[in-house]
1. Only residues that are assigned to a helix (DSSP H, G or I) and not charged (D, E, K, R): list them for segment 4-24, please.
2. For the condition aromatic (Phe, Trp, Tyr) and either without any contact (Cβ under 8 Å) to a residue 60 or more places away in the chain or touching a Pro at 6+ places or on another chain (Cβ under 6 Å) (or both), what is the one hit in Phe97, Phe13, Phe49?
3. Condition (residue is within 20 Å of Asn2 (Cβ to Cβ), more than 13 Å from the chain's Cα centre (by Cα) and assigned to a helix (DSSP H, G or I)) applied to segment 101-119: is it met by at least one residue?
4. Considering Leu123, Leu60, which residue is modelled with pLDDT under 90, among the aliphatic types (A, V, I, L, M) and closer than 20 Å to Glu5 by Cα?
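The values are calculated or read from the model by the stated rules, or taken from the named source; none is laboratory data. From a predicted model like this one, the values you see are computed outputs, not experimental measurements. Quick reminder, even Gly has a Cβ in these numbers, built from the backbone with ideal geometry, and neighbours come from all protein chains shown.
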Amino acid sequence: MNYNETAEFIRDFKRLLKKFPSLCDDMEITKKFRIELFHIQKIDNQSIFEIENVGNNENLQFFKIKKFQCKSLKGRGSKSGIRVIYAFYCQSRRVDFIEIYFKGEKENENRERIKEYLTSINLSNL
């Protein structure tokens, strides 16, 4: 599985990393035990949800990780409040991280950012 990050995601990540120092390790665990389980092994542990009505097609889908375990938020387990938004390319098994945020600061994903992501990619290469 190939992982990429948008410039906006990197900015969000760096800002959150100051508050939650374990975020780098937490992200690696999430890749292995959330994203890869869901998309490769087809195991649904009710932590990843498809974002609908944003231009999904047969090869490109958008997802939100709701159960993100963060070691810096002790005692909260998978209900840390951190959300990760990503695009998944089904045929190439590529993941592009679009947004990461703390639910205490922001209620929902930025759908405008997803739309901007869609316009920035070449849809013919899907």
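1. Correct list: Ala7, Phe9, Ile10, Phe13, Leu16, Leu17, Leu23, Cys24.
2. Every option except Phe49 fails the conditions.
3. Among the residues of segment 101-119, at least one is within 20 Å of Asn2 (Cβ to Cβ), more than 13 Å from the chain's Cα centre (by Cα) and assigned to a helix (DSSP H, G or I), which makes the answer yes.
4. Leu123
Quick grid of which residues meet (1) buried (at least 17 other Cβ atoms within 10 Å of the Cβ); (2) assigned to a loop (DSSP other than H, G, I, E, B); (3) more than 12 Å from the chain's Cα centre (by Cα):
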position: Asp26; (1), (2), (3): yes, no, yes
position: Asp44; (1), (2), (3): no, yes, yes
position: Asn57; (1), (2), (3): no, yes, yes
position: Phe63; (1), (2), (3): yes, no, no
